[in-house]
Amino acid sequence: MEENKKWWKESVVYQIYPRSFKDSDGDGIGDIRGITQKLDYLRELGINVIWLSPVYQSPNDDNGYDISDYQAIMKEFGTMEDFDHMLSSAHERGIRIMMDLVVNHTSDEHKWFMESRKSKDNPYRDYYIWREAKEGKEPNNWGSCFGGSAWKYDEATDMYYLHLFSPKQPDLNWDNEKVRREVFDMMKWWLDKGVDGFRMDVISMISKVPGLPDGSKGEGALYGDFGPFVINGPHVHDYLKEMRRQALSGYDTITVGETSGVTVEEAVRYAADDESELNMVFQFEQNDLDNGEHGKWNVKKIYLPDLKKVLNRWQTYLEGKAWNSLYWSNHDQPRVVSRFGNDSEEYRELSAKMLAVCLHMMKGTPYVYQGEELGMTNVPFDSLEEFRDIESINAYHEYTENNLAGKGEMLEFLRYKSRDNARTPMQWDDSANAGFSEGTPWIKVNPNYTKVNAAEQLGRDSSVFRFYQKLIQLRKQNPVIVYGRFELLMPEDEDIFMYTRTYEDKKLLVICNFSKNERKIPLPDEFAAGSVWISNYGKTEIEKDIALQAYEAIVVS
Ligand code: TEU
């Protein structure tokens with residue numbers, strides 16, 4: 001089947017978490033001028049789109065994912081002039097900017113909510129989801145993503161409002177046409193400024209099942225699960241089609257939905273090739289594989305055949321119908337080298353490169369999260385006081401106070417899974433604070449910055465940075481990497497992730513060893529006279545029986 005060629009399919013996206021990227025003014029908080037200073041670094045890496053986590057005005061209950069004004073820049077991050085300058089500087093370098101669009105909820109300090117809570121007949125009342133108490137308690141049993149009930153009582157009108165995340169993140173009522181119009185107008189305002197698209201925060205949750213029924217409660221659970229009544233809800237596809245028609249059409253954009261709870265069947269609707277909704281979605285199945293009895297809070301390792309099964313399903317089901325996004329990391333996930341690789345001194349770089357090969361050679365648009373290109377690792381947090389993330393801190397209290405986990409045990413879970421692992425400052429060099437800031441960083445710096453940093457890696461050909469650069473270059477030169485059909489080999493093997501990509505008369509073989517075990521793999525005949533495209537062991541030739549070493553990755557054509 002002839003592929004529908006698009007620039008966003010051929011792109012590599014780099015995610016910036018502004019708070020932790022580069023501080024230009026010494027207040028310990030990353031900012032927009034800091035990003036502008038580092039655009040040449042990103043150009044050198046070769047990426048062509050930046051996904052910018054929220055930079056809007058926010059009281060920072062959830063680090064900018066609680067927005068109080070969609071058309072203003074957060075003070076700590078700079079001014080609108082700084083933003084405009086960053087945007088034009090990025091465009092001059094051939095880099096597009098994708099904004100984070102957080103419109104499932106606003107901040108409770110947004111003027112819409114401040115109006116809404118005033119009275120039952122306020123013109124903004126229906127912008128949010130208000131309900132009466134039920135038998136003197138919350139309107140239903142839903143728990144919020146950040147712990148506690150998903151409802152907060154508000155004295156002014158003696159009613160509750162819904163917040164799927166923190167109480168400072170009230171959910172917008174998307175069934176209200178006025179809300180949709182406000183959001184679409186705001187999007188067009190940014191598009192007219194010249195931004196190139198949107199990453200849409202929890203967009204799979206904007207349409208709620210009417211009646212908001214109680215959710216099922218697992219054994220020992222404190223709250224009911226809102227999932228079935230919120231995720232991929234009744235009108236979500238209607239609203240996204242409306243957004244396409246009313247806000248996006250006429251602009252050349254890249255759009256990606258953050259869609260927790262999405263299935264492949266739903267994904268071919270959200271990200272259908274006809275572009276009636278979004279260009280692609282982030283799936284969560286790969287991240288749920290190491291969940292346990294306490295959800296994400298554990299230290300469980302993934303089982304490779306499970307990971308292959310999930311990724312294979314996404315690669316093959318979407319073929320010819322919809323487009324995949326490819327990611328290992330973001331600001332909500334721990335560092336991938338510590339999670340799916342091996343962050344010991346011996347294997348950190350090898351396994352970081354192996355993971356990069358595995359991801360970048362699959363079909364879809366790859367996303368690189370800041371610092372991933374250096375093989376940045378999880379952080380040895382010493383105590384609860386060192387964490388900043390609302391989800392982590394709330395979970396610690398909820399689990400330890402309800403005897404779901406011991407204190408030491410919970411700290412161990414946070415050290416492995418907390419979002420703060422991804423949020424410590426970008427490691428630029430080996431000077432104080434990793435060259436991130438001249439002040440006191442808002443969150444601790446990973447002490448390994450003296451060894452793991454950009455300056456060192458830019459100066460060394462064998463570095464993780466140089467390896468990512470090469471992978472990105474290969475994609476630009478070879479349509480098979482963008483458009484080739486994916487086929488998984490050896491699905492049951494517990495160490496090796498191996499697949500082919502086929503496009504026109506080109507075929508690629510990708511072999512990744514996810515383990516320390518040395519393994520002999522017979523090379524399929526068709527690759528016997530092949531050439532090596534990239535190898536994390538510096539191999540330039542292939543043997544008939546490839547003797548794979550620990551965390552080895554090789555691409556053969
Ligand atoms: O995350 C949505 C989401 O599904 C989270 O619950 C995510 O699964 C969790 O953080 C992982 O532990 C988005 C943003 O990416 C996140 O940073 C925000 O906190 C959240 O929405 C609310 O806006």
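Please identify the pairs in which a residue from the range 520-532 that is of a type in the set (Gly, Ala, Ser) has its Cβ atom under 7 Å from the Cβ atom of a residue that is outside any strand (DSSP E or B), counting only partners at least 6 apart or on another chain. Qualifying pairs under 7 Å: ALA528/LYS544; GLY530/ILE542; GLY530/SER557; SER531/SER557. Only strands (runs of 3 or more DSSP E) whose full extent lies in the range 460-540 are considered here, and the ones with at least 3 residues that are within 29 Å of LYS5 (Cβ to Cβ) are 485-489, 496-503, 506-513, 532-535. Residues in the range 153-172 that are more than 29 Å from ASP332 (Cβ to Cβ) and open to solvent by less than 70 Å² (accessible area, probe 1.4 Å) were compared, and the one that is farthest from the ligand (Cβ to nearest atom) is THR157. Would you call THR500 β-branched (Val, Ile, Thr) and crowded, with 16+ Cβ neighbours inside 10 Å? Criteria met by THR500.
The residue list ILE32, ILE47 contains one member that is crowded, with 21+ Cβ neighbours inside 10 Å, under 30 Å from ARG181 (Cβ atoms) and modelled with pLDDT of 95 or more, which is ILE32. Can you tell me which residues in the range 341-354 are crowded, with 24+ Cβ neighbours inside 10 Å and touching a helix residue (DSSP H, G or I) at 6+ places or on another chain (Cβ under 7 Å)? Result: GLY341, SER351, ALA352, LYS353. Please indicate, with yes or no, whether at least one residue in the range 82-103 is within 16 Å of the ligand (Cβ to nearest atom), at pLDDT 95 or above, touching a Gly at 6+ places or on another chain (Cβ under 7 Å) and in a strand (DSSP E or B). The answer is yes; a qualifying residue exists. Residue count for the range 332-350, restricted to those that are of a type in the set (A, V, I, L, M) and within 16 Å of the ligand (Cβ to nearest atom): 1. Of the residues that make up the range 360-367, is at least one within 16 Å of the ligand (Cβ to nearest atom), assigned by TED's automatic domain parsing to the domain that holds ASN446 and not β-branched (Val, Ile, Thr)? Yes, that holds for at least one residue. Residues of the range 311-331 that are within 16 Å of the ligand (Cβ to nearest atom) and either farther than 26 Å from TYR468 by Cβ or outside any loop (DSSP other than H, G, I, E, B) (or both): SER325 alone. Within the range 131-152, the set of residues being buried (at least 16 other Cβ atoms within 10 Å of the Cβ) and assigned to a strand (DSSP E or B) comprises TRP142, GLY143, SER149, TRP151, LYS152. If you filter the range 385-413 down to residues that are outside any helix (DSSP H, G or I) and touching an Asp or Glu at 6+ places or on another chain (Cβ under 8 Å), you find that the one that is surrounded by the most Cβ atoms within 10 Å (Cβ to Cβ) is PHE387. Please determine whether any residue of the range 284-294 is free of Cβ contacts under 8 Å to residues at least 60 places away in the same chain, away from the ligand (no atom under 14 Å from the Cβ) and under 17 Å from GLY375 (Cα atoms). No, the conditions are met nowhere in the range 284-294.
The values are calculated or read from the model by the stated rules, or taken from the named source; none is laboratory data. Everything quoted here is computed from the prediction, not taken from an experiment. Methodologically, a virtual Cβ is constructed for each residue, glycine included, from the backbone with ideal geometry; neighbour enumeration extends over all protein chains shown. Please note that ligands, DNA and RNA were not included when accessible areas were found on the heavy atoms of the full protein model with its side chains. Shrake-Rupley method; radii C 1.70, N 1.55, O 1.52, S 1.80 Å.
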